[in-house]
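Input: a single structure, listed below in structure tokens.
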Amino acid sequence: MDLLQRLASENDGYDLAFRNAPAGAAHFARTGESLPTASLDIARAADAILLSAMGLPDVRYDDGTEITPQIDLRKELVLFAGIRPVTVRAGQASPLRIPEGREIDFVLVRESTEGLFFTQGGGGELHQDEARETLRITRDISEKLFRFTFELARMRKATGQGPGRVTCVDKANVFRAFAFFREIFDAEAQNYPDLITDHAYVDAMALWMVQKPWEFDVLVTENMFGDILSDLGAGLMGGLGLAPSADIGEDHAVFQPCHGSAPDIAGQGLANPMAMISSAAMMLDWLGIRHDNPALVQDGRRLRGAVDRVATEGRTLTRDLGGTAGTVDVARAVSQVLFTS
């Protein structure tokens, strides 16, 4: 938040005010509540929600599942569009061998409220010899998801970030629910004749994300598929420490790093802050677009650019990326690029 407050203090175009709200596994362990009503009320009233990394594997509900208030927020606030950018700039290290002159720059849009997560927290069937979960895809949420996705691709095309291509990732050859998902996608695509649209089965997409990730622009998929592919995308960048995210609905949005809380290194100053900083940059960009405030948009993109530069130069990296720097060292490096460039 220090970076955000300094940005705001140096810009007359906007101001930022923060309110803290408790939630998560540690809070549940103390109080028996993972997302208090008061915290949900604060989130509901906010212009945007910046969520810290969450999760403690040893703290679970009675049914054995982990404490996930971030998923509760998605459902409560109907945050149907999960945004997972995947970027590897020219010269940036990656587990892949990227051809010279190529960059990876695509966005995975994950439906975040239904799909195979629909019965999460209740509604699944558990018997002595059998367990079942229900996959749910609705026309209402899918239409909203696809409109959001097409508008995102159109915006990326207008700003030179992509060719205006949207790929629907599904398993329509096996499951009727995904054939339904694809039918809704194709119908909505008719309203965007300026964009290129195509399809891919999820297993083929997992292969192509490794073989030719630089060819993609915007991918849209179901909740569980998006959950899996987004971690693959983080792997292309070098790890979850570089992976930001947003969950966006019609009235609310949450911004959070894709990684968990890493309790094994908690309090040691070793965690990579880049995903958190990049998530904050996404928040500024979204607020600026939503409120037609160019200053917010500019600062959001400046902040993300500073993270990209530090990651690409490779001099100040945490150990998850092969470096020796600590959390504060990386944050200072980002700050130096941001305020001296």
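Derivation of every value follows stated rules applied to the coordinates shown; laboratory data play no part. Just so it is clear, the structure is predicted and the values come from calculations on it, not from any experiment. Heads up, the Cβs are rebuilt from the backbone with ideal geometry, glycines too, and the neighbour counts pull from every protein chain shown.
Of the residues that sit in the stretch 8-35 and are assigned to a loop (DSSP other than H, G, I, E, B) and of a type in the set (S, T, Y), which one is farthest from the chain's Cα centre (by Cα)?
Y14
This table checks each residue for (1) over 21 Å from A204 (Cα atoms); (2) surrounded by fewer than 13 Cβ atoms within 10 Å (Cβ to Cβ); (3) among the hydrophobic types (A, V, I, L, M, F, W, C).
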position	(1), (2), (3)
F117	yes, no, yes
R132	yes, yes, no
L145	yes, no, yes
K171	no, no, no
F185	no, no, yes
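When you scan the stretch 208-227, do you find a residue that is without any contact (Cβ under 8 Å) to a residue 60 or more places away in the chain and either of a type in the set (G, A, S) or in contact with a Gly (Cβ under 6 Å, 6 or more places away or on another chain) (or both), even just one?
Checking the stretch 208-227: not a single residue is without any contact (Cβ under 8 Å) to a residue 60 or more places away in the chain and either of a type in the set (G, A, S) or in contact with a Gly (Cβ under 6 Å, 6 or more places away or on another chain) (or both).
Could you tell me whether the stretch 4-26 includes any residue that is free of Cβ contacts under 8 Å to residues at least 12 places away in the same chain, in contact with a Ser or Thr (Cβ under 7 Å, 6 or more places away or on another chain) and not small (G, A, S)?
no
Restricting attention to the stretch 90-108, which residues are on the phi > 0 side of the Ramachandran plot and among the β-branched types (V, I, T)?
Scanning the stretch 90-108 gives no hits.
Would you say R147 is under 23 Å from the mean Cα position of the chain (by Cα) and touching a residue at least 24 places away in the same chain (Cβ under 8 Å)?
yes
Across the stretch 90-115, which residue is farthest from P244 (Cα to Cα) among those that are among the hydrophobic types (A, V, I, L, M, F, W, C) and not in a loop (DSSP other than H, G, I, E, B)?
I104
Of everything in the stretch 220-257 that's assigned to a helix (DSSP H, G or I) and in contact with an Asp or Glu (Cβ under 8 Å, 6 or more places away or on another chain), which residue is surrounded by the fewest Cβ atoms within 10 Å (Cβ to Cβ)?
Once the filter is applied, the top-ranked residue is L240.
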